[in-house]
Amino acid sequence: MTQQWIASRSAWRVSLLGGTLALTDDELTFTPLLHLGATQRIALAAIESVEPHGDRPARLRITATGRRPLVLMVLPDLTTAVWSRDNSARDAAITAITARLNTR
């Protein structure tokens with residue numbers, strides 16, 4: 001089963017590249033929109049932590065063995081402003097990823 005969220009690579013509070021964060025049975029991927037970059041893949045076995053990394057915009061930080069942390073903005077839909085106080089999609093992503101990690 002795959003779960004997906006709207007996400008964006010960010011620097012400070014600026015969105016650099018939008019895409020899709022997807023959780024599958026064995027990995028987490030970030031695929032840029034229109035494939036304007038390489039899909040980043042992180043094996044679930046390599047993930048050390050997934051945690052909130054700011055609320056405005058709602059960001060999460062994925063730390064994995066042997067690589068730099070990945071910080072992504074996660075929003076409920078494409079029309080949500082980055083300064084929104086809605087952290088629901090980010091929190092849902094963290095909950096789902098953590099649950100999957102705990103079942104390994």
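Taking the conditions exactly as written (at pLDDT 85 or above and touching a strand residue (DSSP E or B) at 6+ places or on another chain (Cβ under 9 Å)), does VAL82 satisfy them or not?
Numbers: at pLDDT 85 or above: no; touching a strand residue (DSSP E or B) at 6+ places or on another chain (Cβ under 9 Å): yes.
Here the answer is no, as VAL82 does not meet what is asked.
So is ARG90 part of a helix (DSSP H, G or I), at pLDDT below 95 and of a type in the set (Lys, Arg) or not? Don't jump to the end; show me each part of the working.
Details: part of a helix (DSSP H, G or I): yes; at pLDDT below 95: yes; of a type in the set (Lys, Arg): yes.
Yes; evaluated as a whole, the condition is true for this residue.
Quick check: is even one residue across region 45-61 among the β-branched types (Val, Ile, Thr) and outside any strand (DSSP E or B)?
Residues of region 45-61 that are among the β-branched types (Val, Ile, Thr), as a first pass: 47, 50.
Add one more test, that the residue is outside any strand (DSSP E or B), and what stays is none.
Within region 45-61, not a single residue is among the β-branched types (Val, Ile, Thr) and outside any strand (DSSP E or B).
Let me spell it out: the conditions are (1) of a type outside the set (Lys, Arg); (2) touching a residue at least 60 places away in the same chain (Cβ under 8 Å); (3) surrounded by 12 or more Cβ atoms within 10 Å (Cβ to Cβ); (4) not in a strand (DSSP E or B), and LEU78 meets all of them except one. Which number is the exception?
Single failed check for LEU78: (3).
Looking at (1) modelled with pLDDT of 90 or more; (2) exposed (fewer than 13 other Cβ atoms within 10 Å of the Cβ); (3) aromatic (Phe, Trp, Tyr), which is the only condition TRP12 fails?
So the condition that TRP12 fails would be (1).
ILE97: of a type outside the set (Phe, Trp, Tyr), at pLDDT 95 or above and over 15 Å from ARG9 (Cα atoms), yes or no? Outline the logic, then answer.
Values: of a type outside the set (Phe, Trp, Tyr): yes; at pLDDT 95 or above: yes; over 15 Å from ARG9 (Cα atoms): yes.
Yes.
Determine if region 39-60 includes at least one residue that is of a type outside the set (A, V, I, L, M), touching a Pro at 6+ places or on another chain (Cβ under 7 Å), surrounded by 12 or more Cβ atoms within 10 Å (Cβ to Cβ) and modelled with pLDDT of 90 or more. Walk me through how you get there before you give the answer.
Pass one, region 39-60, residues of a type outside the set (A, V, I, L, M): 39-41, 48-49, 51-57, 59.
Adding the requirement that they be touching a Pro at 6+ places or on another chain (Cβ under 7 Å) leaves none.
Checking region 39-60: not a single residue is of a type outside the set (A, V, I, L, M), touching a Pro at 6+ places or on another chain (Cβ under 7 Å), surrounded by 12 or more Cβ atoms within 10 Å (Cβ to Cβ) and modelled with pLDDT of 90 or more.
How many residues are in contact (Cβ under 8 Å) with a residue 12 or more places away in the chain and either loosely packed, with under 13 Cβ neighbours inside 10 Å or within 13 Å of the chain's Cα centre (by Cα) (or both) when one looks only at region 89-104?
Summing the residues that are in contact (Cβ under 8 Å) with a residue 12 or more places away in the chain and either loosely packed, with under 13 Cβ neighbours inside 10 Å or within 13 Å of the chain's Cα centre (by Cα) (or both) in region 89-104 gives 10.
The values are calculated or read from the model by the stated rules, or taken from the named source; none is laboratory data. It should be emphasised that the depicted structure is a prediction, and the values quoted were computed from it without experimental measurement. Quick reminder, even Gly has a Cβ in these numbers, built from the backbone with ideal geometry, and neighbours come from all protein chains shown.
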